[in-house]
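Asker: Structure in structure tokens, see below.
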């Protein structure tokens, strides 16, 4: 854990919530291995399956931009938290931080995407984070200096639940958590290998059947994005410049005149609203050349099955409905 007064450099992953933005905060790697998230030190819960209900996050009536989990920090008031696979740590806005009585123990510097400036942010430790029947202990919490998006108190990373096999049913608004199978019983059919960086999931994919590279899976982003170099390679014409707001300021994104198609994990997903954004800082920080970000609107009809332990991701259509198995059929034997 960080000592008091130590300055750390962190980055907002991708700021894609328009004028109502949310900061996505990632730890600056201190060594070569940054594959594991450092959100909480322990989870206090029996080893069994859990099912958590989610609610829709719609900052505008016609724009569903994510799903919310309700939680409490250190016995404080209920908080509405955006469930975000593009975040590494819990982030609260200033009001929620005060209501939850989070005390700052260190200061960090947020380095955002695009041309956004460096901005200081305070960080603290929550003794207990309660989400339904689950309690997480000694959790790192970033405290944004102002408000986040209207209707949310903060952000909670999907990787907080990395001690479970995760089934995130976005159209069904359900987060199912299951005990991991034994490693020797794991099969990978239908799953894609992910690169894990600070709890973020980068999948190898293809844009518009023309450009291959790594794509960040980001359930907390209300737009999908491609890097500026990728937009040039794809010869995508750009429309108006839009402001994308995060805790560290406004950055500029170029709205693409047409959307983009993301192919990976056995699926082809169309993103209708896509912005071209500078992803160089994100790529440099995590040592992964990111060509794009797949946001919530393109994923909203999907079921995501994620094994952080094994670095595996599967994306299924809600029409198929079944939870893909990580355990081999006993008659066939384990792989």
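Asker: For the residues 182, 93, what sequence is obtained by ranking on other C-beta atoms within 10 Å, fewest first? Kindly include the intermediate steps, with their values, before the conclusion.
Answerer: Values: 182 8, 93 23.
Placing the least packed residue first, the sequence is 182, 93.
Asker: A further question on this structure: Points 7 angstrom from Cα along the Cβ direction at residue 44 and residue 318: gap in nanometres?
Answerer: 3.6 nm
Asker: Find how much the distance from residue 257 to residue 138 grows on full extension, using 0.36 nm per residue of separation minus their present alpha carbon separation; answer in nm with one decimal. Kindly include the intermediate steps, with their values, before the conclusion.
Answerer: Numbers: separation 119, 0.36 × 119 = 42.84 nm, distance 4.54 nm.
Roughly 38.3 nm would be gained on extension.
Asker: Still on this structure, I have one more. Only bridges with both residues in the range 184-317 count here: give the DSSP antiparallel percent, nearest 5. If you can, show how the numbers build up before the last one.
Answerer: Working: 36 of 44 bridges.
Once the DSSP bridges in the range 184-317 are tallied, antiparallel ones form about 80 percent.
Asker: Multiply the residue gap between residue 238 and residue 309 by 0.36 nm, knock off their C-alpha separation, and tell me the result in nm, one decimal place.
Answerer: Numbers: separation 71, 0.36 × 71 = 25.56 nm, distance 3.93 nm.
Gain in length upon complete extension: 21.6 nm.
Asker: Please report 180, 214, 308, 223 as a ranked list, fewest other C-beta atoms within 10 angstrom at the top and most at the bottom.
Answerer: Working: 180 17, 214 20, 308 23, 223 26.
Result, fewest neighbours first: 180, 214, 308, 223.
Asker: Going by a ≥ b ≥ c, the root eigenvalues of the Cα gyration tensor, does the range 192-252 fall in the rounded group (a/c under 1.5), the prolate group (a/b larger than b/c) or the oblate group?
Answerer: Details: a/c = 2.58, a/b = 1.12, b/c = 2.31.
It comes out oblate by the Cα gyration axes.
Asker: For 274, 306, 241, which order do you get if you count the other beta carbons within 10 Å of each Cβ and list the fewest first? All intermediate terms of the calculation are to be shown ahead of the outcome.
Answerer: Values: 274 30, 306 25, 241 11.
Ascending number of Cβ neighbours within 10 Å: 241, 306, 274.
Asker: How much FRET efficiency would the formula 1/(1 + (r/R0)^6) give for residue 268 and residue 80, where r is the Cβ-Cβ distance and R0 is 35 Å, rounded to 0.05? Could the numbers behind the result be given before it?
Answerer: On the way: r = 33 Å, r/R0 = 0.93.
So the FRET efficiency works out to roughly 0.60.
Asker: Given a Förster radius of 41 Å and the C-beta distance between residue 104 and residue 55 as r, what FRET efficiency does 1/(1 + (r/R0)^6) yield to the nearest 0.05?
Answerer: The pair residue 104/residue 55 has a calculated efficiency of 0.85.
Asker: Taking 30 Å as R0, compute the FRET efficiency from the Cβ-Cβ separation of residue 210 and residue 64 and round it to 0.05.
Answerer: Values: r = 29 Å, r/R0 = 0.97.
My answer for the efficiency is 0.55.
Every number in this text was worked out from the coordinates using simple rules, so none of it is lab data. No experiment lies behind these values; they were computed from the predicted model shown. Counting neighbours? That spans all protein chains shown, and the Cβs are built from the backbone with ideal geometry, glycine included.
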